[in-house]
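Values quoted throughout were computed directly from the atomic coordinates according to the rules given, and no laboratory measurement underlies them. What you see is a predicted model; the values in this text were computed from it and never measured. When we count neighbours, we look across all protein chains shown, and the Cβ atoms used for this are built from the backbone with ideal geometry, even at glycine.
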Amino acid sequence: MDFAATPRPRPDPRYFGRVSGFRHPPPAAQSGGRVPRNAELLLCVAALGLIAFAYMAMTSATGGGIDGRALRALGVFTVFVLVTHLAVRRWAAAADPVLLPCAVLLNGLGLLIIDRLDRAEAALAANSGTAAPSSDAPHQLVWTGLGMALFIGVLVGVRDHTRPAKFGYTCGLGGVVALLIPALLPSRFSEVNGGKSWIMFSGFSIQPGEFAKVLLIIFIAAFLVANRDLFTTAGKRVLGMTLPRLRDLGPLILVTFVAVLVLVYEKNLGFSLLVFGTVLAMMYIGTGRASWLLIGVAMFAVGAIIAYQLFGHVRVRVEVWQDPLATYYTTGYQISQALFGMATGGIGGTGLGGGRPQDVPFAKTDFIISTIGEEMGLIGLAAVLTLFLIITVRGFSAALTTRDAFGKLLGGGLAFSLGWQLFVVVGGVTKLIPLTGLTTPFMSYGGSSLLANYIILALLLRISHDARSAPPPPPRPVTPIAEDMTQHVSRKSLPGH
């Protein structure tokens, strides 16, 4: 065969981007994202079908059957989901098709469980001859609509995931201010069940710490990207670990210290643990040094000992964690009832509507996991945890796929915060760790948490879309080794250093 006469295949111009003058979009963007968006639509429809089936099972078990309220709620929720899907199809066509359906299924199951608890409370009131309390499920449905609207607003407003990096220090200041406001307000405007973490005026309440979490993650990502070389090269080596200079860590330590101090003062220790764990994880992601994990664990151990000695409510949490039955009729009642309920549910659960989750205080908020464990059993609880695992893993995947350091840190921090929060919640409910009082993302009753989590989901989808739709880098020219110039290679120039 005459190889000289064989024509060479012409390279596809789409892979050269603007370098070679072509402006063709990459395959994912050129197709309009039809394939991932169709898959997302099918998964959303499947999630809505599962939620509808669960509603039928729950209402049948409670003896009411499918009523008009349930049908209206399902219809409104379906409209919300379809509008949100269309927004993703329009403004993030190449994004991960699995993230939104998982969040939809979790959100729908949360609405179902809140409605189920509303019905139980109404039945108890009817049996005792008292007035039925107001239902929380309609309020949560309204918050769901607002959360999805905010989700769409973030997709439209943040057209480039690197844009928040320009406002990193502003976000850090805003996060600290959001944490300070409840601590400075009088107790009648900020305190609920002993914790000062709310802003309440004329029947309206909001928990600014949920939004401060997102702002602080943006600040930490921007700060670490701007000072990455200082964290990885500058500093002294002590016991085989490189410790950065104190002046380089100043802003980061200040924000973390203020956040933890305010949260301890507000008696919101769960959120303090969430912020500290997320900061530590992002430090490790940004530097790649395991020494930061050791330093963070040591700092946490010292802080935990100090908090145990100084704050009575911390000692109470630890004592309840050690033996909740010893204080069953007082501080240990909540966790004891939750453990009894999950033990009753066993492997398969009592069935939706067949248990007594209303006996657990705050079953709609802090202890919605115990309701799932009682009525859906270990199988249902494992399925819910798997959905959170999928969101976390796909979030990390989007962070790893993007090419810029800020996107990697922002996506990794947001994904870790969801997974870490779930661990803290489930660990507290199952008595693996002391109870912290955090809510379950997308499921627990509360508007602030739902809005903040939809912001996180929108940012993850934006990162995923930008990573998938970006053209691949141009191929590097191959220089014959005889003509290549000698280069000096240092440790700093190597990848990962």
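How do 52-61, 96-105, 290-299, 276-285 rank on mean C-beta neighbours within 10 Å, highest first? Intermediate results must be reported in sequence, preceding the final value.
Values: 52-61: 17.6, 96-105: 24.4, 290-299: 14.1, 276-285: 20.9.
Highest mean packing first, the order is 96-105, 276-285, 52-61, 290-299.
Would you please name the chymotrypsin sites (Phe, Trp or Tyr not before Pro) within segment 316-347 that are DSSP coil residues with at most 16 other C-beta atoms within 10 Å of their C-beta?
In loop regions of segment 316-347 (DSSP not H, G, I, E or B), the sparsely surrounded chymotrypsin sites (Phe, Trp or Tyr not before Pro) are Y328, Y329.
For a 25 Å ceiling on Cα separation, which of these pairs sit above it: K213/K267; K213/K408; K196/K408; K267/K408; K213/K364; K166/K408?
On the way: K213/K267 17 Å; K213/K408 17 Å; K196/K408 34 Å; K267/K408 32 Å; K213/K364 22 Å; K166/K408 16 Å.
Check vs 25 Å cut-off fails for K196/K408; K267/K408.
Sorted by packing (mean other beta-carbon atoms within 10 Å per residue), highest first, where do 416-428, 369-381 land?
369-381, 416-428
Arranged from highest to lowest average of other beta-carbon atoms within 10 Å per residue, in what order do the peptides 119-125, 172-178 appear?
172-178, 119-125
Suppose R0 equals 25 Å; then what is the FRET efficiency for A298 and L400 from their Cβ-Cβ distance, rounded to the nearest 0.05? Don't skip to the end; give the middle numbers.
Numbers: r = 28 Å, r/R0 = 1.14.
So, using R0 = 25 Å, E works out to roughly 0.30.
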